[in-house]
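> First, the structure itself, so that you have it in front of you.
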Amino acid sequence: MKVILVTYIFLFTISFLFSKENMKYYFFIISLTFSIIALFFVPDESMDLYRHYEYLDVLRDYGWKLAITVSPFGSSIVANLYFYLISFLGVNGLLPAITAFITYYLTLNRIYEVALKYNCSKANILLSTFYFISMLGYLSLISGIRSLLAFALFSYFLYIDLVENKKKILCWSIYIALSLFHSSVWVLLIFRVMLRFYNKFTRIAYIAFLTTWSLNIANIINFIDNFSNIKILQELQQKVSLYTVGGYFTDYSIRDSLIILIVICITFLFFLYTNRNQNKEMKSYFDYIILIIAFCIGSINYYRVFVSFVAVLYFLSPTYILLINHNPVFGFIRKQRCKHNKQYNSHNISLNYIFTLIIIEVSIYKLLILFKKEYLYMIFKL
């Protein structure tokens, strides 16, 4: 735990050394730091990373053809390829190190690019950064490897696709490749397809379906079963069956995910209302977040699905958090006469402070929980 604690203190302290324009260097240091300490992490036998290391050893000792027959990833060919390429490096610790660097750097670099585009203050940049680093479970990232890395990559290219509106072929190619990296990305890909038909008429139907989808889980599994002769869909059906095992809200990860989802819903709705005439180029991106939120609400009865897809919001929500204090609070306030300005400006600042404090508090809460439940037991061999 000391290594993680010192890392957070170090990264917090040096944040004051960088100007807004040079935050990209700070983000590189963050990504590199988390990457370096991942190199020296020692997993125990209960962790996924321990089994990942065993698979890397098999790849090195027996090669692709034999290793692929005992692969823990089935037909997820891109995942197998990722591990195969890393096996050539000869050091198992480079698997979590490379994964950590890519995951942190992509999301933090997106925060930096959006901040420059909308001329956000350094305070807002640090708020969004603190939120993301606190939300993202470091142990889950470097042990699980695939899911959070896939979410980071998908979110990064989703912004290019929906906001920058360019490199469409590349983005869709990445989506498909990531679906063959981790099966949960199929759900994200389906949402991206749904977004092509998203309008004021389909919106209600989409949200109604996604918030109640778990009531039709048997029909969904039976539908996928019609294509069970296709290996990928067969594995998807098995994954859906496994992940839709009901659970109670007793485990800390489920409870905390529920709290975080509530906070995201409140702050995101506040942001959408106060910026309803702003950032129109990001409308599709925000619509996608709405679909994810609706799906998470519909997944509450299935804790594995619920926790997994709330994690997707960790990569999507820093963008709106970055902008939450960027525009004046109420559009109609700007139309008031000068004599009322002081009163309304005071009201604006109060609302912004409240929601900023909510974001800070939930970030601190999540970070403390991670230290207590996960980081406390992490062992590093330097």
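> Name the helices (runs of 4 or more DSSP H) wholly inside region 82-152 in which the number of residues that are under 21 Å from S253 (Cα atoms) and either of a type outside the set (V, I, T) or open to solvent by 40 Å² or more (accessible area, probe 1.4 Å) (or both) is 3 or more. Let's see the steps before the verdict.
Numbers: elements: 94-117, 122-135, 138-144.
Once the helices (runs of 4 or more DSSP H) in region 82-152 are filtered for at least 3 residues that are under 21 Å from S253 (Cα atoms) and either of a type outside the set (V, I, T) or open to solvent by 40 Å² or more (accessible area, probe 1.4 Å) (or both), what remains is 122-135, 138-144.
> Which of the residues belonging to region 144-164 are touching a residue at least 12 places away in the same chain (Cβ under 8 Å), over 14 Å from L189 (Cβ atoms) and not small (G, A, S)?
Across region 144-164, the qualifying residues are I145, R146, L148, L149, Y156, Y159, V163.
> Out of all the residues in region 13-49, which are among the small types (G, A, S) and surrounded by 16 or more Cβ atoms within 10 Å (Cβ to Cβ)?
S15, S31, S35, A38
The values are calculated or read from the model by the stated rules, or taken from the named source; none is laboratory data. Being a predicted model, the structure only gives us computed values, none of them experimental. When we count neighbours, we look across all protein chains shown, and the Cβ atoms used for this are built from the backbone with ideal geometry, even at glycine. Just so you know, the surface numbers come from the protein's heavy atoms only, side chains and all, with ligands and any DNA or RNA stripped out. Shrake-Rupley method; radii C 1.70, N 1.55, O 1.52, S 1.80 Å.
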